[in-house]
Amino acid sequence: MFEDRIKKLRKSMELRGLDAVLVIGDPNRNYLSGFTGDESFSIITEEKALFITDSRYTQQAKNEVKDYEVLEYKGAFPDFFSDTIKKLNVKKVGFEDNVVSYNLFSQFSSKTEAELIPMGGIIEEIRLIKDEGEIKSIRNAASIADKAFSHMLKFIKAGMSEKEIGLELEFTMKKLGAKDLSFPSIVASGVRSSLPHGKATDKIVEKGDFLTLDFGCIFEEYCSDMTRTVAIGEPNDKLKEIYNVVLKAQEDVLKFIKPALNTKDVDSVARDYITKKGYGSYFGHGLGHGVGREIHEAPRLSPMSDVVLKEGMIVTDEPGIYIPNFGGVRIEDLVLVTKDGCEALSKSPKNLIRLGM
């Protein structure tokens, strides 16, 4: 598996005229190596794959990384990098320009005679298409989120604080086998549900509130992401109206997604419907994003995105309407692009659920 990923990287290196690449970012390095730790480095050439770490992680790396030569460095890594590049006799080294700071770049460039070349997202391009193992891990992460949501439907009651609900949600996912949260859970109720990224507060959830839960977990290094909006008691007619608009837009997208479609066109399915219903100005973010080792990765589904969907990509479908000082709704599924269409990996119900009735 990792050997195949390295082969794909080497092909991209050849096309870009790179003799070697330096991989520092945790998601990229671990994707290419199988390492589960951090603060380590990889140097990959046409002939060699070197995994470089310090004494804290040497044994872990030897246990986890099978397709590399594991090296331990002492002192400053830029000095070790310079010596290694010299021994490898490479002239052009690609680096992750979205990861390496200017300060770190300056340290590297001052130590080596090799040319350091920004390599853009060539590793992220390989990561766009998930293999069977990745899909299985993401599917399991989504299943944990579904089970946690089912538990929360029995747990949530009027009178609880958003923080209390958020803590129970986190505890439940970890109890079900999650390594960690994909991101800090969004728990927003009442007028705060109009905040797309409303973190849990001490606000008490009240009868008549909409409660938005946007959450996910990490399983075997892969993320899940799901949003559900529920009612506490009976919501007013306006809240029910915007819920039904968002639900229709979200489900229309699921019927539309398939390989060869442009991501901006997928976004427009939901955006055009919400606009038609008079709420276009209240849907201010993109329809979705890729999910994998990171909670937000390529491709983006937005009016400004221009990526063609392919089988094996995993994206979110999450339209929303957010009316300031009133309330909001978001409904989100994690979606796998299949050969002929798509599969929603999030299985939780999307009909308007009223709790405490």
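Distance between the modelled labels on residue 338 and residue 48, one decimal in nanometres: 4.7 nm (7 Å Cα→Cβ projection). Using Cα atoms only, what is the angle between the long axis of helix 162-175 and the major principal axis of the chain, expressed in degrees (0 to 90) to the nearest 10? Relative to the chain, helix 162-175 is tipped by roughly 50 degrees. Residues whose amide H comes within less than 5 Å of that of residue 355, counting only those at least five positions distant or on another chain, are 231, 232, 233 (H built at 1.01 Å from N in the peptide plane). If R0 is 45 Å, the Cβ-Cβ spacing of residue 3 and residue 244 corresponds to a FRET efficiency of close to 0.35.
In order along the range 305-311, the Karplus-derived 3J(HN,Hα) couplings, from 6.51 cos²θ - 1.76 cosθ + 1.60 at θ = phi - 60°, round to 8, 9, 10, 8, 5, 9, 4 Hz, and Gly and Pro are given as x. Remark on residue 289: its backbone amide H falls under 5 Å from those of 301, 316, a criterion applied only to residues 5 or more positions apart or on other chains, H modelled at 1.01 Å from N.
Backbone geometry of the range 107-115 corresponds, through the Karplus equation with coefficients 6.51, -1.76 and 1.60 at θ = phi - 60°, to 3J(HN,Hα) couplings of 5, 4, 5, 6, 9, 10, 8, 5, 7 Hz, x marking Gly and Pro. For the range 52-57, putting each phi into the Karplus relation 6.51 cos²θ - 1.76 cosθ + 1.60 with θ = phi - 60° gives couplings of 10, 8, 9, 5, 5, 10 Hz, in residue order, rounded to whole numbers and with x for Gly and Pro. Summary value for the range 162-258: 24 percent relative contact order, contacts being C-alpha pairs under 8 angstrom separated by 6+ residues. Rounded to the nearest 20 debye, the dipole size of the chain about its Cα centre is 700 debye, using +1 on the Cβ of Lys and Arg and -1 on the Cβ of Asp and Glu.
Taking every C-alpha pair closer than 8 Å and separated by at least 6 residues, the mean separation divided by the residue count of the range 2-126 gives a relative contact order of 26 percent. Amide H contacts for residue 261 (H built 1.01 Å from N in the peptide plane; partners 5 or more residues away or on another chain; cut-off under 5 Å): 309. Considering Cα pairs under 8 angstrom that are at least six residues apart, work out the relative contact order of the range 132-355 and quote it in whole percent. The normalised contact order for the range 132-355 reaches 23 percent. Both radii are taken from the alpha-carbon atoms of the range 36-178; with Rh as the Kirkwood radius, Rg/Rh is 1.14.
Once both labels are positioned 7 Å from their Cα atoms along Cα-to-Cβ, the gap between residue 102 and residue 353 label points is 4.8 nm. For the chain, the longest principal axis of the Cα atoms and the long axis of helix 237-256 meet at an angle of about 40 degrees. Take the alpha carbon atoms of the range 322-357, find their center, do the same for the range 111-146, and report the distance between the two centers in whole angstrom. That distance is 25 Å. Placing a label point 7 Å from the Cα of residue 76 along the Cα-to-Cβ line, no residue of the range 11-49 has its backbone N under 16 Å from it. Matching the structure-derived Kirkwood radius over Cα pairs in Å against the labelled list (i) 22.0; (ii) 20.9; (iii) 20.2 gives the label (i). As a proxy for reagent exposure, ranking 285, 151 by other Cβ atoms within 10 Å from fewest up yields 285, 151. Toward the positive end of the charge dipole of the chain, about the Cα centre and with charges on Cβ (Lys, Arg +1; Asp, Glu -1), which of 32, 106, 153 goes farthest? Result: 153, furthest along the dipole toward the positive end. Helical content of the chain, expressed as a calculated mean residue ellipticity at 222 nm, amounts to -11500 deg cm²/dmol (DSSP H runs of 4 or more residues, -39,500 (n - 2.57) each, divided by residue number, nearest 500). Considering only 69, 134, 332, the Gaussian network model of the chain with Cα springs below 10 Å gives its largest mean-square fluctuation to 69.
With 18 Å as the limit, write out which pairs from 248/277; 203/248; 48/91; 136/179; 240/264; 147/199 have Cα-Cα distances beyond it, or answer none.
In this structure, 203/248; 240/264; 147/199 exceed 18 Å between Cα atoms.
Rule-based calculations on the coordinates, nothing more; no lab input. Computed from a prediction, not measured in an experiment: that's the story for all the values here. All Cβ positions, even for glycine, are placed from backbone atoms using ideal geometry, and neighbour counts span all protein chains on display.
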